[in-house]
Amino acid sequence: MLNLASEVEVLTRFGRALADPIRCRLLLALREAPAHPSDLAEQLGISRTRLSNHLACLRDCGLVVAVPVGRRTRYELADKRLGHALDDLRDAVVAVEADRTCADADEKDCC
């Protein structure tokens, strides 16, 4: 039986996935099209072992799924709406960056 995560758990999982640049790049690549691990490793310029660890994290977060294709496995976003969410987040951040610079921030940990 599938348990639906609470709203906070969902956002926490999404935040965990986005906390690493490689996972962000993976999500953006999978937003474009499903792919096999060897292709993703080559595209991102990382080892298969490193890629495997990041894919496992994204699977655990519920953001990507592994789809068996013959003897190979293809990865894709778990839900096509995630692609739209990534686009919306990217656009929102770009809008904020256009309006505010780190020099304008009073905080030390500016984004």
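The values are calculated or read from the model by the stated rules, or taken from the named source; none is laboratory data. Model, not experiment: these values are computed from the prediction. Glycine also receives a Cβ, built like all others from the backbone with ideal geometry; neighbour counts cover every protein chain displayed.
Remarks
- Test: Leu82 is in contact with a Phe, Trp or Tyr (Cβ under 9 Å, 6 or more places away or on another chain) and at pLDDT below 95: yes
- Checklist (1) of a type in the set (D, E, K, R); (2) in a helix (DSSP H, G or I); (3) at pLDDT below 90 applied to Arg59, failing item: (3)
- Pairing each residue of the stretch 73-91 that is over 24 Å from Ser38 (Cβ atoms) with any residue that is of a type in the set (A, V, I, L, M, F, W, C) and assigned to a helix (DSSP H, G or I), provided the two are 6+ apart or on different chains, yields C-beta distances under 8 Å for Ala85/Phe14; Leu89/Leu18.
- Selection of the stretch 16-26 for residues being farther than 9 Å from Leu58 by Cβ and modelled with pLDDT of 90 or more yields Leu18, Ala19, Asp20, Pro21, Ile22, Cys24, Arg25.
- Tally of residues being part of a loop (DSSP other than H, G, I, E, B), farther than 13 Å from Leu27 by Cβ and not charged (D, E, K, R) across the stretch 62-90: 1
- Conditions (1) assigned to a loop (DSSP other than H, G, I, E, B); (2) modelled with pLDDT of 95 or more; (3) of a type in the set (Gly, Ala, Ser); number of the one not met by Ala5: (2)
- Residue list for the stretch 31-45, restricted to those being touching a helix residue (DSSP H, G or I) at 6+ places or on another chain (Cβ under 8 Å) and assigned to a helix (DSSP H, G or I): Arg31, Pro37, Ser38, Leu40, Ala41, Gln43, Leu44
- Residues of the stretch 26-74 classified as β-branched (Val, Ile, Thr) and in contact with a strand residue (DSSP E or B) (Cβ under 7 Å, 6 or more places away or on another chain), total: 4
- Filter result for Thr49 (loosely packed, with under 11 Cβ neighbours inside 10 Å, of a type in the set (S, T, N, Q), over 14 Å from the mean Cα position of the chain (by Cα) and at pLDDT 70 or above): yes
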